[in-house]
Each structure stands twice: as structure tokens, then as C-alpha cells.
Amino acid sequence: IQNRLYYLQSLGITAIYLNPIFVSPSNHKYDTVDFYQVDPHLGSNEKLAELTNTLHQKGMRIILDAVIDHTSDQHPWFEQASKDVNAQGNGSLSYRPFYTFDLQGSHIGWKGLSHLPKLDFAASAVQEVVYRGENAILRYWLRPPYSIDGWRLDVAHMIGENGTAQGNSYHMREIRRAIKQENPDAYMLGEHFFEA
């Protein structure tokens, strides 16, 4: 991208949107295993910072894809949650509440796909790590040295509590509030798709 910016600018493009760029085991990257690292197949955190800096110098903007409804089943949170079956909050952080499990120990996956376990926004720890906390995912990338200009929220209408979209409007408002606290001019776009 860095090497093609002159061409993109010559087309009149003023902003670019990137599909998920964070560490993931798949080609499509909609199954994140690390929200704080650019996948080495695509570059590095340093290269992203360099790209955003160059874009801004050229008067262009960048929007990243936030896949926060679910993670990969290879994400360390899910791997730990799967082990924490009997965790009762004995002083150490349990990742069990990050996801929704039934009485048989099965988890809720996005669209029933077990390799994409849904995050449970009923858990305050999920809210903290995604949007509330000082170093929350959605805040972190809006800050220097990255200073991205906004987020496209993947399946925004499905983000919610207990493996459902329950509480969606509340969490969308809170996500917007967090993003705007970091950058009042930040752009936020939510994907909503319809099924036949």
C-alpha cells in the first residue's frame, strides 16, 4: 500500500479501508488471535504506524476493520476459557465469562461456527478490553503512533450479550462514546447484513 499511495492519490482517493489486519490463522483474518499485533503476513505494527503517518501527510485517512463480536478458537482468551470450566473467580482472572457456554460446556459460535466463539459483552472484562479500558482495543489503535481515523465494526448488529445481540444498542453507544473520546473526528461504520 505504501508503495502505491501516489497512484491511489492520483485517483482522487482520500481514505482507505483495510479488512482485518491483526494476527489470525486464516487468510480472511476474521478470526483474531491477537488484537494488538498486525499479522506478519501483512506487515508489522511499525509498518502500520509508518503507513498512517504517510497517509496523514498526504491528507488521506485510514479505517481498520474491528472484528470484536468473536475471536478465533485459537485466541489465548478462548483457550484459557475452555480450561476454566470450574473457575469461580479465586483471585485470578478467569476468561470463562468472556464467552457463553451451555451446561454441557459447549460454546456459542458466530453463526454456529465453533471456530469463531462469540465474545460475551455481558462480562465487564470484555467491555473493558474492547472499549472501556485505558488500553482497550478500540482506543489503542486510535492513538499515536498509529492514529487510525476510524473503525468499521464487523457484524455490528450481532455484538451483544449471552451469545446473542441482546444489549446491542447499549454497547454500540458505549463503543461510539469511547471512540469519540479518543478522537472526536473518528469515523465509525457498522456492518449490518441481511440473510435470505
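Data for the structure
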{"read-out": "Per-region count, region 143-183, residues part of a strand (DSSP E or B), over 26 Å from Thr54 (Cβ atoms) and open to solvent by less than 50 Å² (accessible area, probe 1.4 Å)", "value": "1"}
{"read-out": "Close pairs (8 angstrom Cβ cut-off, 6 or more residues apart or separate chains): closer than 17 Å to Tyr30 by Cα in region 41-70, small (Gly, Ala, Ser) and open to solvent by 30 Å² or more (accessible area, probe 1.4 Å) anywhere", "value": "Ile63/Ala15"}
{"read-out": "Residue match in region 144-159 (condition: among the acidic types (Asp, Glu) and either at positive phi or without any contact (Cβ under 8 Å) to a residue 24 or more places away in the chain (or both))", "value": "no"}
{"read-out": "Region 7-25, subset hydroxyl-bearing (Ser, Thr, Tyr) and either within 21 Å of Asn45 (Cβ to Cβ) or in contact with an Asp or Glu (Cβ under 7 Å, 6 or more places away or on another chain) (or both), residue most open to solvent (accessible area, probe 1.4 Å)", "value": "Tyr17"}
{"read-out": "Which numbered condition Tyr36 fails, given (1) loosely packed, with under 14 Cβ neighbours inside 10 Å; (2) not in a strand (DSSP E or B)", "value": "(2)"}
{"read-out": "Matching residues, region 184-196, being open to solvent by 30 Å² or more (accessible area, probe 1.4 Å) and either within 17 Å of Asp65 (Cβ to Cβ) or free of Cβ contacts under 8 Å to residues at least 24 places away in the same chain (or both)", "value": "Pro184, Tyr187, Met188, Leu189, Gly190, Glu191, His192, Phe193, Phe194, Glu195, Ala196"}
{"read-out": "Residue list for region 86-142, restricted to those being crowded, with 19+ Cβ neighbours inside 10 Å, at pLDDT 95 or above and basic (Lys, Arg)", "value": "Lys118"}
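The values are calculated or read from the model by the stated rules, or taken from the named source; none is laboratory data. All values reported here derive from a predicted model rather than from experimental measurement. So basically every Cβ, Gly included, is an ideal-geometry build from the backbone, and we count neighbours across all protein chains shown. Ligands, DNA and RNA are excluded from the accessible area calculation, which covers all protein heavy atoms including side chains. Shrake-Rupley method; radii C 1.70, N 1.55, O 1.52, S 1.80 Å.
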